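See structure below.
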Amino acid sequence: MEVASEFFEMPIEDRIQHYSDDPNRIVRVLKSSFHERATNNWREAMKISGYPVEKFAHLLPEKPSKFRDVVGRYSTEVTELGRWILKMINEGLGLEEGYFDGEQSGGEQFMVINHYPPCPDPSLTLGLVKHCDQNLMTILLQGKTKGLQVIKDGKWIAVEPIPNALIVNAGHQLEVLSNGRLKSIQHRAVTNSSVARTTVVNFIVPTLDCLISPAPALVGQFEDPIYRPFTWREYLSVFREKDGDPDLVLDAFKFK
Ligand SMILES: O=C(O)CCC(=O)C(=O)O
Ligand SMILES: [Fe+2]
């Protein structure tokens, strides 16, 4: 967490070479976001698209000096932890062994370091707009500064930071695979006027052509599937079309 914040605290001359609008770059810092609603987000984000990160270490910033080593090791360990949690969920749902392995989690894993500078007037903007994570599972390190909120009964609730705790989020993909048993919670990040906030997020994602549908073991005689089958490629295109609105995106795949 420290090296992640230290990167954003360095003078702009040390950071500038990593800023890019080119989505094909494996490591880049971006100002805007993946959809229109998010263009005014009060955040900068470093996206690392290669996995395992150690293989792409030469593309990561050289400064702070421990950045490459720490980020590489963290990414691998937290992704392994994520896979272990998925194994437990797999068992808990009573699915055949390894259901989440292979294509369901075999896409391009990526990592995002979010940085929210202090904001002069937090009432005017958000750090990150309301969304659901798209993918199978996300593991978020929130650090010491609060800012993450989740929606419950129509109200935004702050997720209090717990030292060294990780937050595990089910994405839309897991909500569909579990036929709605595991909900993908809507969340957002708010800003504050006094301190910068940095968070580290690792995403476990499916392959582009992976077929996503409620697991056959969960539906059948006693339970109807809530969602129709779709490929991850199709999901991403609907996500763009609906501008990332979490309700509209999932609704598009529901049986009416
Ligand atoms: O920074 C946070 O607290 C939330 C980040 C997040 O939700 C995301 O990157 O998907
Ligand atoms: Fe998120």
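List of remarks:
- Check on Lys87, under 23 Å from Ile167 (Cβ atoms) and over 18 Å from the mean Cα position of the chain (by Cα): yes
- Condition check for Ala189: in contact (Cβ under 8 Å) with a residue 24 or more places away in the chain, more than 23 Å from Glu96 (Cβ to Cβ) and in contact with a Pro (Cβ under 9 Å, 6 or more places away or on another chain): no
- Unique match (being touching a Lys or Arg at 6+ places or on another chain (Cβ under 7 Å), of a type outside the set (Phe, Trp, Tyr) and either closer than 22 Å to Glu175 by Cβ or away from ligand 2 (no atom under 13 Å from the Cβ) (or both)) among Leu140, Leu124, Leu128: Leu128
- Glu91 being more than 16 Å from ligand 1 (Cβ to nearest atom), more than 19 Å from Thr207 (Cα to Cα), without any contact (Cβ under 8 Å) to a residue 40 or more places away in the chain and of a type in the set (Asp, Glu): yes
- With respect to (1) buried (at least 17 other Cβ atoms within 10 Å of the Cβ); (2) within 16 Å of ligand 1 (Cβ to nearest atom); (3) at pLDDT 95 or above, the lone exception for Lys130 is condition (3).
- When we screen Gly143, Gly82 for residues that are surrounded by 15 or more Cβ atoms within 10 Å (Cβ to Cβ) and on the phi > 0 side of the Ramachandran plot, the only hit is Gly143.
- Taking the stretch 159-179 as the range and being surrounded by fewer than 17 Cβ atoms within 10 Å (Cβ to Cβ) and away from ligand 2 (no atom under 15 Å from the Cβ) as the test, the residues that pass are Glu160, Ile162, Pro163, Asn164, Ala165.
- Just one of the listed residues (Ile167, Ile139) is within 16 Å of ligand 1 (Cβ to nearest atom), in contact (Cβ under 8 Å) with a residue 60 or more places away in the chain and β-branched (Val, Ile, Thr), namely Ile139.
- Check on Glu80, farther than 27 Å from Asn192 by Cβ and in contact with a Cys (Cβ under 6 Å, 6 or more places away or on another chain): no
- Residue within the stretch 55-63 that is in a helix (DSSP H, G or I), among the charged types (D, E, K, R) and surrounded by fewer than 14 Cβ atoms within 10 Å (Cβ to Cβ) present: yes
- Pro120 vs. criteria more than 9 Å from ligand 1 (Cβ to nearest atom), part of a loop (DSSP other than H, G, I, E, B), under 18 Å from the mean Cα position of the chain (by Cα) and of a type outside the set (Lys, Arg): no
- Residue check for Tyr19: closer than 24 Å to Pro161 by Cβ, surrounded by 13 or more Cβ atoms within 10 Å (Cβ to Cβ), of a type in the set (Phe, Trp, Tyr) and in contact with a strand residue (DSSP E or B) (Cβ under 9 Å, 6 or more places away or on another chain): no
The values are calculated or read from the model by the stated rules, or taken from the named source; none is laboratory data. Everything numeric here is computed off the predicted structure, so don't read it as measured data. Glycine also receives a Cβ, built like all others from the backbone with ideal geometry; neighbour counts cover every protein chain displayed.
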